[in-house]
Amino acid sequence: MWEAVVYGITLVLFGFVLLAAFWVKHDMLLLICIPPVFFAAIVGFIMWIYTFDTFGAVEAVAAVILPLPAARLLARRYSGRDLVITIYLAWTLGMVCALLAFSFPDRV
């Protein structure tokens, strides 16, 4: 059960990173978003496939849909700089949660 929760939180954070980067307006700030988007896309895709296979479609689809309103709301409210800081914060928390998720023992 805890493994599913940690995977879900990680996927929501990575989904937020990917979706919030769509609303970064300034070109230079968009270039700064390349590392978190790159890692969130690769690690998130691998974790999403495992989540879909292990825990079912409901959690996998919810992890993609849940960050959309938060990313849109923060993109409207924050300036570009603050949105980039939020993206990096979500990416950092997502990587910590991914480390925890990968430390669970494999299912036999």
| query | Only one residue in M47, M95 is touching a Ser or Thr at 6+ places or on another chain (Cβ under 8 Å), part of a helix (DSSP H, G or I) and among the aliphatic types (A, V, I, L, M), so which one is that? | reply | M47
| From L74, L66, L83, L100, which residue is surrounded by 14 or more Cβ atoms within 10 Å (Cβ to Cβ) and under 12 Å from the mean Cα position of the chain (by Cα)? | L66
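hydroxyl-bearing (S, T, Y), modelled with pLDDT under 90 and within 14 Å of the chain's Cα centre (by Cα): does that describe T51? So that I can check it myself, show each step before the final result.
Numbers: hydroxyl-bearing (S, T, Y): yes; modelled with pLDDT under 90: yes; within 14 Å of the chain's Cα centre (by Cα): yes.
When the stated conditions are applied, T51 passes them.
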| A90 being in contact (Cβ under 8 Å) with a residue 12 or more places away in the chain, of a type in the set (G, A, S) and farther than 13 Å from L11 by Cβ | no
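Would you pick out the residues in the stretch 85-98 that are among the β-branched types (V, I, T) and either more than 20 Å from M28 (Cα to Cα) or touching a His at 6+ places or on another chain (Cβ under 9 Å) (or both)?
Those that are among the β-branched types (V, I, T) and either more than 20 Å from M28 (Cα to Cα) or touching a His at 6+ places or on another chain (Cβ under 9 Å) (or both): T92, V96.
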| field | Residue under evaluation M28, criteria (1) in contact with a Pro (Cβ under 7 Å, 6 or more places away or on another chain); (2) loosely packed, with under 13 Cβ neighbours inside 10 Å; (3) among the hydrophobic types (A, V, I, L, M, F, W, C), criterion not met | value | (1)
| message | So in the stretch 54-63, with the set limited to residues that are closer than 20 Å to L19 by Cα and in contact (Cβ under 8 Å) with a residue 24 or more places away in the chain, which one is farthest from the chain's Cα centre (by Cα)? | response | E59
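The values are calculated or read from the model by the stated rules, or taken from the named source; none is laboratory data. Quick caveat, the model's predicted, so the values are computed rather than measured. Cβ sites come from the backbone with ideal geometry, for glycine too, and all protein chains shown count toward neighbours.
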